[in-house]
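Please read the structure below before turning to the comments.
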Amino acid sequence: MLIAPLSGTLSDRIGEWIPATCGMGVTALGFFFLTRVNIGTSTFNFIWPLVIIGVGQGVFSSPNSSAILGSIPPQRLGTASATLAQMRTNGQTIGIALAGLIIAARLPVYVARLLASHSVASNMVQTTALVMAIHDAFFFAMAISIVAMVTSMVHDSRRRGGRRASLGPVSVE
């Protein structure tokens, strides 16, 4: 909420790709820090990676929206804006579903490994396995953030000088 307007102003001055790319990098870093969370982690050490992810998303969101909507002819902005909002919602929904799928799939694997290795007290196997499965979901989210970061860099390299050329009117017919 605080970062996005500042990022939007910055992207208006320097172009979209630097803030968008940096935002996804910061988001990936936040997910990496969440993979370090364990059973004994303090509340503060759990919250600050979430703050980092929020900052990363705030830095990414405005420039990304600006880049998308800036490439659309004016007569198509309403449709593009609605599509962008729907894609954002779809991404959030699919992301939550994938995280749940990863956790559900990895949990029994970790339970079996921990029971076979006798490395964890039997009363802690389920909890330890759950934390390990959640780490896998965070690693996946980090990987998706890195892909988005690379995509942002590659997409901009196709534009001359980091700024879009005027597209002019586009006919869909």
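Just T27, T127, T43 to compare: in a GNM of the chain, with alpha carbon springs under 10 Å, which one fluctuates most?
In the Gaussian network model the winner is T43.
Considering the chain as a Gaussian network with a 10 Å cut-off on Cα pairs, which listed residue, Q126, Q57, Q86, attains the greatest mean-square fluctuation?
In this elastic network of the chain, the residue with the biggest mean-square fluctuation among Q126, Q57, Q86 is Q86.
Kindly express, to the nearest 10 degrees and within the range 0 to 90, the angle between helix 43-70's C-alpha long axis and the longest C-alpha principal axis of the chain.
Between the helix axis and the principal axis of the chain, the angle is about 20 degrees.
Just to confirm the number: angle between the C-alpha axis of helix 125-157 and the first principal axis of the chain, 0 to 90 degrees, nearest 10?
Tilt relative to the chain: about 20 degrees.
Fully extended, how many nm does the chain gain between N45 and A104 (0.36 nm per residue separation, minus their Cα-Cα distance)? Walk me through the numbers on the way to the answer.
Working: separation 59, 0.36 × 59 = 21.24 nm, distance 2.50 nm.
Gain in length upon complete extension: 18.7 nm.
Taking springs between alpha-carbon atoms closer than 10 angstrom, which of A143, A28, A112 fluctuates most in the Gaussian network model of the chain?
In this elastic network of the chain, the residue with the biggest mean-square fluctuation among A143, A28, A112 is A112.
So what is the diffusion coefficient of the chain in µm² per second by Stokes-Einstein at 10 °C and 1.306 mPa s, using a Kirkwood Rh over Cα pairs?
Details: Rh = 18.3 Å.
It diffuses with D of about 87 µm²/s by this estimate.
Roughly how tilted is helix 17-34, in degrees to the nearest 10 and between 0 and 90, from the longest Cα axis of the chain?
Here the helix axis deviates by roughly 10 degrees.
How far is the Cα center of the stretch 83-162 from the Cα center of the stretch 1-51, in Å?
Measuring centre to centre over Cα atoms gives 16 Å.
At 0.36 nm per residue, minus the direct Cα-Cα distance, what do L130 and R36 gain on full extension? Give it in nm, one decimal, please. Show your work: numbers first, answer last.
Working: separation 94, 0.36 × 94 = 33.84 nm, distance 1.37 nm.
That pair, L130 and R36, stretches by 32.5 nm at full extension.
How much mean residue ellipticity at 222 nm does the chain get from its helices, if each DSSP H run of length 4 or more adds -39500 (n - 2.57) and you divide by all residues, to the nearest 500 deg cm²/dmol?
Values: 5 runs with 132 residues, N = 173.
The helix contribution divided over the chain gives -27000 deg cm²/dmol.
Read-outs throughout are calculated quantities, based only on the coordinates presented, and are distinct from any laboratory measurement. None of these values were measured; they are calculated from a predicted model.
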